[in-house]
Amino acid sequence: MKHILAVLVENNPGVLARVAGLFSRRGFNIDSLAVGRTDDPEISRMTIVVEGDARVLEQVTKQLHKLVDVIKISDITADQFVDRELVMIKVAAEPAQRGEIMQIADVFRARIVDLGLKTMILECTGNEEKINAFEESLRPYGIKELVRTGKVAMLRGQKFTTINNQREED
């Protein structure tokens, strides 16, 4: 089972390396990892997707808690959350095919961010299933390059607060 961990950390150099190293040393695979600072410039938030059973999740959580820079860890998998990914795809696009590709972009609410002589770059955001479907829809045109972010997720109707490490209602 995939677990989505929301981890608040101090925004210090080397924190990402320590977290990634922890997973590597323990032999746990990170399915997805996205990091960015929060509204507080001294705190960053990591969204980590890890696959494993309850034992794996418990080990990961225990090891993360040992890291000095970790403030709070929440497994939000069972809660109601909104998640998104971003993909940018460069496809072969001869002038005769551009109309079809633009129709696909419209269906997925994607944007064309670059138009070359023989290629187009499109960006799309959405949940994992939408991004997978968008990618598959463009595959027949010839994907030249693809880059995809990790998952970011946020609880619905609740927010994290670092005061007393408790959740706070909106």
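Every read-out reported here was derived from the displayed coordinates using simple, explicitly stated rules and does not represent laboratory data. These figures come from a predicted structure and were not determined experimentally. With ideal geometry, Cβ positions are generated from the backbone for all residues, glycine too; neighbour counts draw on all protein chains shown.
Give the lysines whose C-alpha is closer than 26 Å to that of Lys2, dropping any in the same chain fewer than 8 places away, or say none. Candidates past the 8-residue exclusion: Lys62, Lys66, Lys72, Lys130, Lys151, Lys159. What angle do you read, to the nearest 10 degrees and between 0 and 90, between the alpha-carbon axis of helix 128-138 and the longest principal axis of the chain? Helix 128-138 sits roughly 20 degrees off the main axis of the chain. Just to be sure I understand, if you calculate volume of the Cα convex hull per residue in Å³ for this structure, which of [x] 133; [y] 145; [z] 103 do you get? Checking each listed value against the structure points to [y].
For the peptides 41-52, 18-29, residues were scored by their other Cβ atoms within 10 Å and the scores averaged per peptide; the highest-first order is 41-52, 18-29.
A simple rule links phi to the HN-Hα coupling: the Karplus curve 6.51 cos²θ - 1.76 cosθ + 1.60 with θ = phi - 60°, which for region 81-92 gives 9, 10, 10, 8, 10, 10, 10, 10, 10, 9, 10, 5 Hz, with x for Gly and Pro.
Would you mind counting up the charge near Pro13? Only other residues with Cβ under 15 Å from its Cβ, with Lys and Arg at +1 and Asp and Glu at -1. Spell out each step's value before the answer.
Details: positive: Arg18, Arg37; negative: Glu10, Glu42, Asp69.
Charge balance in the 15 Å sphere: -1.
Across region 2-79, Cα pairs under 8 Å and at least six residues apart give a relative contact order of 48 percent.
Distance between the modelled labels on Arg18 and Met154, one decimal in nanometres: 2.7 nm (7 Å Cα→Cβ projection). Counted residue by residue at 0.36 nm each, then reduced by the alpha carbon distance between them, the extension gain from Arg26 to Val107 reaches 24.9 nm.
In the chain, the longest principal axis of the Cα atoms and the axis of helix 15-26 are about 80 degrees apart.
Local charge for Glu123 was computed over the other residues whose Cβ lies under 14 Å away, with Lys and Arg +1 and Asp and Glu -1, and equals +1.
Within the same chain, lysines fewer than 8 places from Lys144 are excluded, and of the rest, those with a Cα less than 19 Å from its Cα are Lys90, Lys118. A simple spin-label model places the labels of Leu115 and Glu51 4.0 nm from each other, with each point 7 Å out along Cα-to-Cβ. Counted by neighbouring Cβ atoms within 10 Å, the residues His65, His3 run from fewest to most as His65, His3.
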